[in-house]
Amino acid sequence: MNVLVIDIGGNNVKILASRQNAPRKFPSGLTMTPKQMVAGVKKLAGDWKYDVISIGYPGMVVRNRLVAEPHNLGRGWMEFDFSAAFKRPVKIVNDAAMQALGSYKGGKMLFLGLGTGLGSAMIVDGIVEPMELGHLPYKKRTFEDYVGVRGYDQLGKKKWRQAVADVIARLIAALEPEDVVLGGGNVKKLNELPPRCRAGDNANAFAGGFRLWQKNSRRNSSTSGKVRFDSKKGN
């Protein structure tokens with residue numbers, strides 16, 4: 001079974017299919033609609049063969065359904081039928097959860113994505129729990145306002161790095177993870193990683209998307225629709 005993974009970000013949509021060596025991408029942005037995203041993906045993946053699709057979505061997802069419009073894209077996502085548009089079975093998860101799944105090695109892991117905003121997810125003993133930590137209040141605004149791209153632009157590199165270190169320390173103290181992975185495109189802007197953290201790789205989003213269709217990845221029976229993954233059964 002060939003899987004097409006779609007990683008939707010605030011700046012770009014990135015795609016990779018099974019048996020392909022290099023991802024492809026096209027710009028997204030504040031006005032991109034789901035219909036435009038589908039058209040862009042179909043054009044970019046026109047010479048690839050795929051049977052099913054995984055989508056990493058920059059917003060809240062519950063039981064394969066979008067429950068909030070994205071903050072950094074256009075409108076019309078919540079009611080859109082992706083399976084009908086692609087004419088393929090589709091699994092949709094939060095984008096941070098998908099990258100977390102691709103980064104997971106076991107135990108209790110916190111994933112934080114430093115990108116357009118602040119993506120976040122936890123995996124505890126194989127159960128993926130997407131989170132919206134970036135929207136929690138912090139100082140005069142939210143975590144995301146300080147450590148996302150707006151914070152970087154407004155604070156400058158030095159103060160942004162200080163904010164990142166402070167936010168991560170607070171989240172580690174509150175959530176007590178055994179492993180902390182920092183992903184997202186802005187990790188490279190840190191001069192050093194905060195204590196107890198390891199750098200992720202944006203390619204892990206694709207690994208997570210492939211894992212969603214593995215036999216050892218399944219939906220939990222709870223109403224939350226969390227993904228359960230057994231890392232001991234292979235990647």
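The values are calculated or read from the model by the stated rules, or taken from the named source; none is laboratory data. What you are looking at is a predicted structure, and each value in this text was computed from that prediction instead of being measured. Because the Cβ atoms are built from the backbone with ideal geometry, glycine has one as well, and the counts that use them run over all protein chains shown. Only protein heavy atoms, including side chains, enter the accessible area calculation; ligands, DNA and RNA are left aside. Shrake-Rupley method; radii C 1.70, N 1.55, O 1.52, S 1.80 Å.
Taking every Cα-Cα distance in the stretch 16-111 and sorting them into 5 Å bins from zero, the calculated P(r) comes out as 2, 11, 21, 24, 22, 13, 5, 2 percent.
For GluC sites (Glu not before Pro), the sites in the stretch 50-147 that DSSP calls loop and that have at most 13 other Cβ atoms within 10 Å are 79. Length gained on full extension, residue 135 to residue 21: 37.5 nm, using 0.36 nm per residue less the C-alpha separation.
Just the number, please: carbon plus sulfur as a percent of the accessible area of the chain, 1.4 Å probe, no ligands or DNA/RNA counted. After summing per-atom areas, the C and S share lands at 51 percent.
Kindly report the accessible area of the chain per residue (heavy atoms of protein chains, probe 1.4 Å, no ligands, DNA or RNA), in Å².
Per-residue accessible area for the chain comes out at 49 Å².
Each semi-axis of the equivalent ellipsoid for the chain is √(5λ) with λ an eigenvalue of the Cα gyration tensor; in descending order they amount to 27, 21, 16 Å.
Candidate cross-link partners of residue 140 among the lysines, defined by an alpha-carbon separation under 20 Å and a same-chain spacing of 8 or more, comprise 157, 158, 159. Largest GNM mean-square fluctuation among 47, 125, 145, using the chain with Cα springs under 10 Å: 47. Extension gain for residue 166-residue 33 works out to 44.4 nm (0.36 nm per residue, less the C-alpha to C-alpha distance). With the chain treated as a Gaussian network of Cα nodes joined by springs under 10 Å, which of 165, 173, 97 yields the largest mean-square fluctuation? Ranking 165, 173, 97 by mean-square fluctuation puts 173 first.
Taking 0.36 nm per residue of sequence separation and removing the Cα-Cα distance, the residue 49/residue 125 pair yields an extension gain of 24.0 nm. Sorted from longest to shortest, the spans of the Cα atoms of the stretch 63-167 along the three principal axes equal 47, 36, 20 Å. With the helix formula -39500 (n - 2.57) applied to DSSP H stretches of n ≥ 4, the chain reaches a computed 222 nm mean residue ellipticity of -7500 deg cm²/dmol.
Normalised by the residues of the chain, what does the relative contact order come to in percent, with Cα pairs under 8 Å and at least six apart? Kindly include the intermediate steps, with their values, before the conclusion.
Working: 484 pairs, mean separation 46.3, N = 235.
Reported relative contact order: 20 percent.
Other residues within the sphere of radius under 12 Å centred on the Cβ of residue 164, judged by their own Cβ, net out at +3 (K and R +1, D and E -1). Between the helical axis of 34-44 and the longest alpha-carbon principal axis of the chain there is an angle of about 70 degrees.
If contacts are Cα pairs under 8 angstrom and at least 6 residues apart, what is the relative contact order of the stretch 46-87 in percent?
Numbers: 24 pairs, mean separation 9.3, N = 42.
RCO, the stretch 46-87: 22 percent.
The overall shape of the stretch 1-71 is oblate: from the C-alpha gyration tensor, with semi-axes ordered a ≥ b ≥ c, the ratio a/c is 1.5 or greater and a/b is no larger than b/c. With a threshold of 20 Å on the Cα-Cα distance, the over-threshold entries among 14/42; 87/215; 42/87; 25/189 are 87/215; 25/189.
Nearest 5 is fine: what % of DSSP beta bridges in the chain come out antiparallel, could you say?
Expressed as a percentage, antiparallel bridges in the chain total about 60.
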